[in-house]
Amino acid sequence: MEGMWILPVLCLIQTAGSYESRLYHSPEKREHLPPLGAPDPSPYGSLWPLPQEVQISPDFMFIPPADFSIVHGERSTAGPECLVLQDAFRRYFNYIFGFLRLEDVPAGKPRAGRLVQLQVIITSEDNECHKYPNVRSDESYKLSVNEDGAVLQASQVWGAVRGLETFSQLVYKDSTGAEAMAFNKMNVFHWHIVDDQSFPYQSEAFPELSNKGAYQASTHIYNFIDIRIVIEFARLRGIRVIPEFDTPGHTYSWGKGQKDLLTPCYKDGEPSGGFGPVNPIVNGTYTFIYKLFEEVGKLFPDKYIHLGGDEVDFSCWKSNPDITKFMAEHGFGTDYCKLESYYVQQILGIMSKLGKGYMVWQEIFDNHDQIDPDTIVEVWKGNKYSEELYKVTAAGFSAILSAPWYLDYISVGQDWRNYYQVEPLNFNGTEQQKKLVIGGEACLWGEFVDATNLTPRLWPRASAVAERLWSSVKVTSVQDAYNRLVVHRCRMVGRGISAEPLYVGFCENEMDY
């Protein structure tokens, strides 16, 4: 007999998008909290992350899988030619009906009508169907489900994708016990694609960078096809891809394939054989970086490239006599922050010529480097991030917060609660300053992570960050979050995502290895 899927009648859902993507380094220490036990039903079901506004009635509508469809509404500016929506319609139909076991609906459910269609209506003429998501994209939506039917309305396609995720979370199966999976509504993938240890980006202009700098030049690299696949996969899900090419530090692997790029270090007046950060006094450095970033800018469609600038060790620069002479000639004295500022100015000039925006780590701001007003500063260091947010925004710069959300650090117990209880705007700034905090990042660094343990370290801990950045500032109940997140974690497990448990318990849809 055909299964009947049920949907709680949803009066209104309205969300507003936010900026999310990555994080690292040591989070603030917090007191140890006792574990939360068995979850209780939440008044919001298992919605995650919780939308900005939610009104749910106790009534249900029944959805016959064989008859149900997701369609373009008559008034929509998008139609069947919109690949983003067509792909999302297929994907979410499978999430709802395809292969997941869901929890039973409580006995005594009220009878209601049949729901056989979800209409999706895009209202803006600039619906971005054939574009990439960008920093100004509109991810808000309104989802209404009542006796007259179901309508998902959004200005642009990205809001519709978010609304489909919410719709899928509202669906339950009435007798076998299964619940549909939805994403965590992360919308930016910040790709720290190269570092000291390895240069896996396979440049066509400078192939020796990966030939000599990658862990393995034929297997551990990302070629243009790989990168374009990632970008398109992300686009169809409303996710931006921002690459990071961190300089002048974190560049040891660069020097293996690009001669004379790094600064030669000296000891007792003689070359030591070691190398430090990028050499800022050689003209060839900037010729190389212009050509490399010109290629990168064409490959990655997002407006922004992350330029790094963190953890620059000045000791090699200090040891080099040519650097010392350059500093004296330019009036820098012994202030190596001024040399760093000189380098940053050259790089920002290159980015401006290439028509790209840029993000930097907070050291660039802290060291008083001269940066343009439209620079985005990422706050990542230590426990005093509220003070740093105040300083950055008081200076008029947009900011992203990642300091409290470093997922590569594992602690005992339910550390997701520490991430969940951070309020990014809880700093002593004006309302105008707080508007300059454009979002936050949940980061996972690779020192102790590879494909064997990446997923369980990431989920559902990153889910806690997602709700904090998407939901209203009034959504603060850790107990209600736990009740919903336990179910959401099981949704991910049922989809084949190895999300680790929050606490003792089980999922009816365990992993099928």
### Query
Within region 452-509, restricting attention to residues that are more than 17 Å from Pro404 (Cα to Cα) and acidic (Asp, Glu), which residue is nearest to the chain's Cα centre (by Cα)?
Glu500
### Query
Within region 293-317, how many residues are part of a helix (DSSP H, G or I) and touching a strand residue (DSSP E or B) at 6+ places or on another chain (Cβ under 9 Å)?
7
### Message
Take the residues in region 320-349 that are open to solvent by less than 40 Å² (accessible area, probe 1.4 Å) and polar (S, T, N, Q); name whichever of them is modelled with the highest pLDDT.
### Response
Asn320
## Note on the structure
Those residues of region 75-98 that are assigned to a loop (DSSP other than H, G, I, E, B) and in contact (Cβ under 8 Å) with a residue 24 or more places away in the chain come to a total of 6
### Query
Considering Ser352, Ser411, which residue is surrounded by fewer than 19 Cβ atoms within 10 Å (Cβ to Cβ), over 19 Å from the mean Cα position of the chain (by Cα), modelled with pLDDT under 95 and in a helix (DSSP H, G or I)?
Ser352
### Message
Six or more apart or on different chains, Cβ atoms under 6 Å: show the pairs whose first residue is in region 371-400 and over 22 Å from Asp246 (Cβ atoms) and whose second is among the hydrophobic types (A, V, I, L, M, F, W, C) and open to solvent by 30 Å² or more (accessible area, probe 1.4 Å).
### Response
Thr393/Leu436
### Message
Need the failing condition index for Glu431 against (1) farther than 30 Å from Asn94 by Cα; (2) open to solvent by 20 Å² or more (accessible area, probe 1.4 Å); (3) touching a strand residue (DSSP E or B) at 6+ places or on another chain (Cβ under 6 Å), just the number.
### Response
(3)
### Query
Which residues, taken from region 267-292, are touching a residue at least 12 places away in the same chain (Cβ under 8 Å), part of a strand (DSSP E or B), surrounded by fewer than 17 Cβ atoms within 10 Å (Cβ to Cβ) and not polar (S, T, N, Q)?
Lys267, Gly274
### Task
Please tell me if Gly505 is at pLDDT 90 or above, farther than 16 Å from Trp48 by Cβ and open to solvent by less than 70 Å² (accessible area, probe 1.4 Å).
no
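The values are calculated or read from the model by the stated rules, or taken from the named source; none is laboratory data. What you see is a predicted model, and the numbers here were worked out from it, not measured in a lab. So basically every Cβ, Gly included, is an ideal-geometry build from the backbone, and we count neighbours across all protein chains shown. We work out accessible area using only protein heavy atoms, side chains counted, and drop any ligands, DNA or RNA first. Shrake-Rupley method; radii C 1.70, N 1.55, O 1.52, S 1.80 Å.
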